[in-house]
Amino acid sequence: MKWLGPTWLAVDLSAIGANLQTVQHFTSAQVCPVIKADAYGHGIKAVSMFLELKGVTGLAVSDVQEAVEIREAGVQTPILVLTPVLPEQASTAIEHNLTVTVSDPRIIIPLAEQALTRQKQLQVHLKINTGLNRIGAAPELAVDCARQILEQKFLQLAGVYTHFAEADSNYAYTKLQLKRLLEVKQAFFDAGLPELIWHAANSSALFTLPESHLDLVRIGTALFGQSRVKLPPDIKLSNTWQLYTRIIQVHRAAKGEPIGYNRTYITKRDSIIGVIPIGYSDGLGLVPNNGGLRRHLHSTIVQLINKPMQVSIDGVSCPIVGKIAMGMSCVDLTDHPHALDLYGAVVSIRARRTAINRRIPKTYFLNGKMVLIHWHERFWQPLSKDGTVYVKEISVKAAHEILKGRNRYGS
């Protein structure tokens, strides 16, 4: 058995399931969870396994490598790769039965050649640039691109989609983008092209522009309990993720003492300082300044203006003080009623989910009980001894069985 360590993530799979159900009840369209960026920091393997058990009809990821990780976890649900592939990636996409995005006609022949060589059908979604101006075929070229794909024996055009630029903040521009996509859809109909899956809505458009739901909605942030727009009154999303660590040292610091590198913080009173074993290499805060007077002055002014980052200990907010280092940070415990007794105490930290280092173990909860851990790219079974969590390595198959059993019996 191995000890889990002083820092960990708690992922609530039950909350993810509840958010999925909330979205499914909100729309009549097919719901496609987007689990790019390691499932927004929740762990792409365990989350994809869980979503497959929940019966989703498709998943979407950013790139081929993410899709391969899902396949390595034994998940067979269809996967749409949102980033267009290069010719060198075509064979991998075909091998793992992925659905690829085409945004440039130059990739059509390489994809077709690889599919022909392997004698395997490759599904394709055509991406249309309606105003984000990042990737996508121009609307006036869409019909021609579709025809080129349909001419290839081993390519199957399954869908057409676009991506909104400002669905969280600009209703008029989002409606304009949708109008452009619907004009392409009409052009497809006029050209006699086959019925396809049409999709445009992301998490923000899901709630702000119901007419954008079309055949399918792609949800990322909403699945994980977050929204960049005001939610409808009857919609409630649950938090799915929390970062924890423990205090490894508590000491006194007199008024006027510097804390941390470069003495960027000077205590304004006699203080009690706690140290936590997490820093910028784990995704906490910003990378330290690498020199330059102007840059140093800017960071100092920002630090003075902005409220210090807060952590929570027993429900009490405490500020991080001094520069966040690579693997440690300092917390001002002075206002905590039990400051001197906090050695080993659990600290709850707010952080950007997608920035968190993947080396931090992810603990998975179902119905309030820890059931699975993903750590060092392997799955582990949690075992409790004297109040401490230890872990035992298990196979991917065993991880599937744990999730399947818990999902089925709700225990």
Legend entry - Those residues of segment 272-283 which are out of contact with any Leu (no Cβ under 8 Å at 6 or more places or on another chain) and outside any loop (DSSP other than H, G, I, E, B), in sequence order: Val275, Ile276, Ser281, Asp282
Inset, instruction - Could you tell me whether Thr162 is in contact with a Lys or Arg (Cβ under 8 Å, 6 or more places away or on another chain) and surrounded by 15 or more Cβ atoms within 10 Å (Cβ to Cβ)? - result: yes
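Going by what's in this entry, would Arg353 be described as outside the structural domain of Thr221 (by TED's automatic domain parsing), touching a residue at least 40 places away in the same chain (Cβ under 8 Å) and closer than 25 Å to Glu52 by Cα?
Considered against the rule, which asks whether it is outside the structural domain of Thr221 (by TED's automatic domain parsing), touching a residue at least 40 places away in the same chain (Cβ under 8 Å) and closer than 25 Å to Glu52 by Cα, Arg353 comes out as yes.
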Inset, instruction - Kindly establish whether Gln249 is surrounded by fewer than 21 Cβ atoms within 10 Å (Cβ to Cβ), more than 23 Å from the chain's Cα centre (by Cα) and touching a residue at least 40 places away in the same chain (Cβ under 8 Å). - result: yes
Legend entry - Whichever residue in segment 252-271 is part of a loop (DSSP other than H, G, I, E, B) and not small (Gly, Ala, Ser) and, among such residues, is surrounded by the most Cβ atoms within 10 Å (Cβ to Cβ): Thr267
Inset, instruction - Among what's in segment 194-242 and is within 19 Å of Ala172 (Cβ to Cβ) and in a helix (DSSP H, G or I), pick the residue that is nearest to the chain's Cα centre (by Cα). - result: Ser204
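In the set Gln156, Gln148, which member is surrounded by fewer than 20 Cβ atoms within 10 Å (Cβ to Cβ), in a strand (DSSP E or B) and of a type in the set (S, T, N, Q)? Before you say what the answer is, go through the steps one by one.
Numbers: Gln148 fails: in a strand (DSSP E or B).
After ruling out the rest, the residue left standing is Gln156.
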Legend entry - Among the residues listed as Lys385, Lys397, the single one being surrounded by fewer than 14 Cβ atoms within 10 Å (Cβ to Cβ), more than 30 Å from Lys268 (Cβ to Cβ) and at pLDDT 95 or above: Lys397
Legend entry - Residue among Pro6, Pro84 that is assigned to a loop (DSSP other than H, G, I, E, B), under 23 Å from Met370 (Cα atoms) and not small (Gly, Ala, Ser): Pro6
Inset, instruction - Find the residue count for segment 212-228, including only residues that are closer than 20 Å to Ala351 by Cα and touching a residue at least 40 places away in the same chain (Cβ under 8 Å). - result: 7
Inset, instruction - Scan the helices (runs of 4 or more DSSP H) fully inside segment 26-75 and keep the ones with 3 or more residues being β-branched (Val, Ile, Thr). - result: 64-72
Legend entry - Out of Val56, Val61, Val75, Val11, sole residue that is among the aliphatic types (A, V, I, L, M) and surrounded by fewer than 22 Cβ atoms within 10 Å (Cβ to Cβ): Val56
Legend entry - strands (runs of 3 or more DSSP E) wholly inside segment 326-411 that include at least 1 residues being more than 27 Å from Ser227 (Cα to Cα) and hydrophobic (A, V, I, L, M, F, W, C): 329-332, 346-349, 369-375, 378-385, 388-394
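The values are calculated or read from the model by the stated rules, or taken from the named source; none is laboratory data. For clarity, every value in this text was computed on a predicted model and none was experimentally measured. Because the Cβ atoms are built from the backbone with ideal geometry, glycine has one as well, and the counts that use them run over all protein chains shown.
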